[in-house]
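Here is the structure we will look at, set down as structure tokens.
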Amino acid sequence: MAADHENGKQTENKKHFHKKNDKPLVLPKSFADKQRVHLEKLMNNMEKPVFIPEKLKNRTPRAPPEFVRDVMGSSAGAGSGEFHVYRGYRRREMARQAFLDSSHEKEEKDAKFQEKLEKNKQKAEDRTAKKRAKRQRRKQKQLAKKQKMQKEEEGEQKDSESNDSVDDNDDGVNEEKEDDAQANCFVIGGK
């Protein structure tokens, strides 16, 4: 009876198994439930750092052996275990060849990609240089136009100054011309 009593306690303890914080154990029924439980566990302790595994580096296969010790002779028949040894050698060699092929293909793709990047960079630089030259030409054209306008204004000012000096000499003649201009404007309907 003592054994039954101990067994009863053991089964009773198994039925009422709880975690440290007295929450019942929740068994996920689907993958979504499993993710939810995992996220809740992570969110409970925000201060604890999360382990993020690093990306595995490409594993390079072993180099082929320089000296093969288990050479099967042609005169004797192969034993029952030799096939497995041969299969292991063959598998390793095939893996090495596949690695070399994939690394060569990856290098070619990287070279093509770098070449494409250089082409695109050169095209972008050419377009930028072309637009820069166009902007410079437009700027030079505007500067030239501005300078031309300033020269014309300066020329007009000089002309008006020279006319003023000529006007001072011929005050009577110019005044009559101005009066005629005003009279004609009035008749035409100007002022």
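The values are calculated or read from the model by the stated rules, or taken from the named source; none is laboratory data. Bear in mind the structure is a predicted one, so any value in this text is a computation, not a measurement. Backbone-built Cβ (ideal geometry, glycine too); neighbour counts: all protein chains shown. All accessible areas refer to the heavy atoms of the entire protein, side chains included, with ligands and DNA or RNA removed. Shrake-Rupley method; radii C 1.70, N 1.55, O 1.52, S 1.80 Å.
Descriptive notes on the structure:
- Long-range neighbours under 6 Å by Cβ, at least six apart or interchain, first residue under 21 Å from V68 (Cβ atoms) within segment 92-103, second of a type outside the set (S, T, Y): A95/P61; R96/P61; F99/P61
- Note on segment 96-152: residues that are open to solvent by less than 100 Å² (accessible area, probe 1.4 Å), hydrophobic (A, V, I, L, M, F, W, C) and closer than 30 Å to K57 by Cβ total 5.
- Subset of segment 26-39 that is of a type in the set (K, R) and more than 33 Å from the chain's Cα centre (by Cα) - its residue that is most open to solvent (accessible area, probe 1.4 Å): K29
- Among the numbered conditions (1) out of contact with any Pro (no Cβ under 8 Å at 6 or more places or on another chain); (2) among the basic types (K, R); (3) surrounded by 10 or more Cβ atoms within 10 Å (Cβ to Cβ), the only one that R69 does not meet is (3).
- Conditions (1) under 50 Å from the mean Cα position of the chain (by Cα); (2) surrounded by 10 or more Cβ atoms within 10 Å (Cβ to Cβ); (3) at pLDDT below 80; (4) not acidic (D, E); number of the one not met by L42: (3)
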